[in-house]
Amino acid sequence: MGVIWTIIVGLIMGLVLGPLARMIIPGKQDISLLGTVLVGAGAAILGGIIAGWLGVGETSGPDWIKFFIQLALAVVGILGFATASDSKS
């Protein structure tokens, strides 16, 4: 898959992963919608790379392990972003 396609898929997955990660985290996070999507996109791309290294990136069915790696990274990213935003205030 080409780099451009990877970025496009990452942004689309970011639309899902970012908001889903925010719903999992209790309380209010001080992070914009754009920040949420970008953190989700980064988590999607990085999670895909990690899943590939682990050998679970491509399966014959749904890639659930890759999805949960990406979601975990999105949760960590949202928490980190929200914590960094709080410390600046």
Subject >> Checklist (1) touching a Lys or Arg at 6+ places or on another chain (Cβ under 8 Å); (2) touching a residue at least 40 places away in the same chain (Cβ under 8 Å); (3) of a type in the set (A, V, I, L, M) applied to V75, failing item >> reply: (1)
Original post:
Where residues in segment 4-55 are free of Cβ contacts under 8 Å to residues at least 12 places away in the same chain and either at positive phi or touching a Lys or Arg at 6+ places or on another chain (Cβ under 6 Å) (or both), which of them is surrounded by the most Cβ atoms within 10 Å (Cβ to Cβ)?
Top reply: G55
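Among the polar types (S, T, N, Q) and either modelled with pLDDT of 90 or more or in contact with a His (Cβ under 6 Å, 6 or more places away or on another chain) (or both): does that describe T6? Steps first, answer last, please.
Values: among the polar types (S, T, N, Q): yes; either modelled with pLDDT of 90 or more or in contact with a His (Cβ under 6 Å, 6 or more places away or on another chain) (or both): no.
Answer is no for this residue.
Yes/no per residue for (1) part of a helix (DSSP H, G or I); (2) not hydroxyl-bearing (S, T, Y):
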site: G35; (1), (2): yes, yes
site: V39; (1), (2): yes, yes
site: G42; (1), (2): yes, yes
site: V56; (1), (2): no, yes
site: S60; (1), (2): no, no
site: I65; (1), (2): yes, yes
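Determine which member of the set G52, G35 is closer than 19 Å to V9 by Cβ and either of a type outside the set (D, E) or out of contact with any helix residue (DSSP H, G or I) (no Cβ under 9 Å at 6 or more places or on another chain) (or both).
On the way: G35 fails: closer than 19 Å to V9 by Cβ.
None of the other options fit; the residue is G52.
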**OP:** Output the residue which, of all residues in segment 56-70 that are surrounded by fewer than 22 Cβ atoms within 10 Å (Cβ to Cβ) and among the aliphatic types (A, V, I, L, M), is modelled with the lowest pLDDT.
**Re:** V56
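The values are calculated or read from the model by the stated rules, or taken from the named source; none is laboratory data. If you're wondering where the values come from, they're calculated on a predicted model, not measured in any experiment. Positions of Cβ are backbone-derived with ideal geometry, glycine not excepted, and every protein chain shown enters the neighbour counts.
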